[in-house]
Amino acid sequence: MKKDKKDTRREFLKKSALASSIFIVPRNVLGGPGFISPSDQLNLAAIGSGGKGASDITNASVQGREHVAALCDVDFSGSASGTAKKFPKAKQYADYRVMLDKEKDIDAVTISTPDHIHGPAAVFAMQRGKHVYVQKPMSHNISEARILTEMARDQKVVTQMGNQGGSNPLLNMVQNWIDTDAIGPISEIKIWTNRPVWPQGIQMPKPNQNMKPDALNWNLWLGPAKEKPYTPNMHPFSWRGWWDYGTGALGDVGCHLIDIPFRTLGLKYPTSAECSVGSVYSKMWTADYLPEGCPPSSLISINFDATVKSKSAIKMSWSDGGIRPPHPDIIPANSDIGGVDSANGVIMIGEKGIITTNINDNSPLMPKLFLFDGTTEFGAEVEEILEPEYGHQRKWVDACKAGFNSKEHLGLTSSFDYAGPMTETVLMGNLAIRSYMLREEKENGRMGYFARKKLLWDGEKMRVTNLEAANQFVSRDYRQGFTM
């Protein structure tokens, strides 16, 4: 008998059970909450359907193999309109909470919103047994990352963070160099980026409710952030440079760049961090003070204890705003370091040589090994990409269908068990930046910056141990209805 397309899978199973007078064992008993038989079609939904959300839900649908049941976006007049046209049968929602409470048959969601929505949306979905794919960084702050990591285990859902470069097979070349001790003990890592490439280090635009696009639901766009009138140039992209919504250059590409040494060296929570930031002087002798926004540039040092793969303590330096480390002597002077035009890159420095790579997103990874004895080994300059974004979303979908703790799930490169601690490390850099800007009035009436020091970090307890004021940035306040 041909199955009516309008029947849900639950209705189909119920009818089958009545017809055959047998008991149907619930799928959550067979494979844990959210288990999907490999023969079934996954019901997907997108939270954030434009921009990166468009490619995330498209790739997760695996060229129509899976069913896109619903789309959520606060503005379907923008780039999300193209996604709606691509999936015309998907129901449309502005509020992910309404969508997930109404669409009971959704199995898994992609979350591709501004950073401040990642945590609340992921928690809301996982509480309802949904598998989640969350864009990088997986959270807006350290506390959220820990909550998501632990909730994924408790709810037994399959998770993946959207740092697609973690699925790049060329990372295996870097991993092999590390595992075979090709460059000897590693003590130093240098990472840099040309970000920000959006407005940052400037005064926040003034609210202007008259400029709000009619189709934009500004209240839902704000989500957990404090209530304020519509502010131009936040949606859809320039939110990245403001702490209420974004996580700056680190949040944009830290999960691609820091991922490379964190993954291949098996790093854990950092032990300390310190930073300095670029200043802008609009008037003589007094630097602009704009604590609500990320700085135009920063230099951050993050320290790690030795691990099994990194036999000695490691100092990692991060620089953004186009500031990059000096050109190593071992690399020919006319050659790029890291990626094309040396715009982004990673250098791992060992006793016997160095490993250098490009950013780990969709750019060519360009891994290179330089040994002090003259030996070199280079990866491909042009990558052969056999499926979109190295199959990062498709592998997550396959793992959702196989079930929690399946080999497919355990084979994911950025499930929250890995992505959580790595994201905490990325966001530790932002905690250092925000602490750097703390100030108080001194006895002479001038302002003093009391937190410009090395911050000692207890990763397990998520606390700065030598400066209590810095711990305010471990979490954040939430508007009612969007709490964690």
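The values are calculated or read from the model by the stated rules, or taken from the named source; none is laboratory data. Predicted model, so just to flag it, every value in this text is computed and none were measured. Neighbour counts run over all protein chains shown; Cβ positions are idealised from the backbone, glycine included.
Go over the candidates S335, S319, S342, S310 one by one and state the one that is of a type in the set (S, T, Y) and within 14 Å of P261 (Cα to Cα).
S310
Give the residues of the range 381-429 that are in contact with a Leu (Cβ under 7 Å, 6 or more places away or on another chain) and modelled with pLDDT under 95, sorted by residue number.
E383
Hey, among V277, V253, which residue is touching a residue at least 40 places away in the same chain (Cβ under 8 Å) and either within 23 Å of R446 (Cα to Cα) or more than 21 Å from the chain's Cα centre (by Cα) (or both)?
None of the other options fit; the residue is V277.
E384 is checked against (1) farther than 30 Å from L148 by Cβ; (2) assigned to a loop (DSSP other than H, G, I, E, B); (3) in contact with a strand residue (DSSP E or B) (Cβ under 6 Å, 6 or more places away or on another chain) and fails just one. What number does that condition carry?
Every condition holds for E384 apart from (3).
If E144 meets every condition in (1) buried (at least 24 other Cβ atoms within 10 Å of the Cβ); (2) of a type in the set (D, E); (3) without any contact (Cβ under 8 Å) to a residue 12 or more places away in the chain apart from one, which number is that one?
(3)
Taking the range 422-443 as the search range and keeping residues that are in contact with a Gly (Cβ under 8 Å, 6 or more places away or on another chain) and in a helix (DSSP H, G or I), which one is surrounded by the most Cβ atoms within 10 Å (Cβ to Cβ)?
Of the residues in the range 422-443, the ones in contact with a Gly (Cβ under 8 Å, 6 or more places away or on another chain) are 424, 426-427, 429-430, 433, 439-442.
Next, from what is left, pick out any that are in a helix (DSSP H, G or I): 424, 426-427, 429-430, 433.
Working: E424: 27, V426: 29, L427: 27, G429: 26, N430: 27, I433: 23.
Among residues in the range 422-443 that are in contact with a Gly (Cβ under 8 Å, 6 or more places away or on another chain) and in a helix (DSSP H, G or I), the one surrounded by the most Cβ atoms within 10 Å (Cβ to Cβ) is V426.
Residue-by-condition table, conditions (1) modelled with pLDDT of 95 or more; (2) exposed (fewer than 13 other Cβ atoms within 10 Å of the Cβ); (3) part of a strand (DSSP E or B); (4) not β-branched (V, I, T):
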position: L290; (1), (2), (3), (4): yes, no, no, yes
position: I300; (1), (2), (3), (4): yes, no, yes, no
position: N303; (1), (2), (3), (4): yes, no, yes, yes
position: T307; (1), (2), (3), (4): no, no, no, no
position: K311; (1), (2), (3), (4): no, no, no, yes
position: M316; (1), (2), (3), (4): yes, no, yes, yes
position: G321; (1), (2), (3), (4): yes, no, no, yes
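Take the conditions touching a residue at least 40 places away in the same chain (Cβ under 8 Å), buried (at least 20 other Cβ atoms within 10 Å of the Cβ) and within 19 Å of the chain's Cα centre (by Cα) and apply them to G266. Does it pass?
The answer is no for G266.
Determine which member of the set K226, K206 is basic (K, R), farther than 20 Å from A80 by Cα, at pLDDT 95 or above and in contact with a Pro (Cβ under 9 Å, 6 or more places away or on another chain).
Residue meeting the stated conditions: K206.
Write out, first by first residue and then by second, each pair whose Cβ atoms fall under 8 Å of each other, whose residues are 6+ apart or on separate chains, and whose first residue, in the range 451-478, is touching a residue at least 12 places away in the same chain (Cβ under 8 Å) while the second is among the aromatic types (F, W, Y).
Close Cβ pairs (under 8 Å, with a partner that is among the aromatic types (F, W, Y)) amount to A451/Y436; R452/Y436; W457/Y269; G459/Y269; E460/Y269; V464/W457; A469/F450.
Filter the range 209-244 down to the residues that are basic (K, R) and part of a loop (DSSP other than H, G, I, E, B), then identify the one that is farthest from M484 (Cα to Cα).
My answer is K212.
How about the range 373-410: which of its residues are of a type in the set (D, E), within 21 Å of G339 (Cβ to Cβ) and exposed (fewer than 12 other Cβ atoms within 10 Å of the Cβ)?
The answer is E381, E384.
Check the range 387-409 and report whether any residue there is closer than 30 Å to W243 by Cβ and outside any helix (DSSP H, G or I).
Looking for residues that are closer than 30 Å to W243 by Cβ and outside any helix (DSSP H, G or I), one finds none in the range 387-409, hence no.
When you scan the range 207-225, do you find a residue that is within 29 Å of L365 (Cβ to Cβ), loosely packed, with under 14 Cβ neighbours inside 10 Å and free of Cβ contacts under 8 Å to residues at least 60 places away in the same chain, even just one?
no
What is the number of the single condition among (1) in contact with a strand residue (DSSP E or B) (Cβ under 6 Å, 6 or more places away or on another chain); (2) not in a loop (DSSP other than H, G, I, E, B) that L365 does not meet?
Failing condition for L365: (2).
Can you name every residue in the range 444-478 that is among the hydrophobic types (A, V, I, L, M, F, W, C), farther than 24 Å from G293 by Cβ and assigned to a loop (DSSP other than H, G, I, E, B)?
Passing the criteria: only M462.
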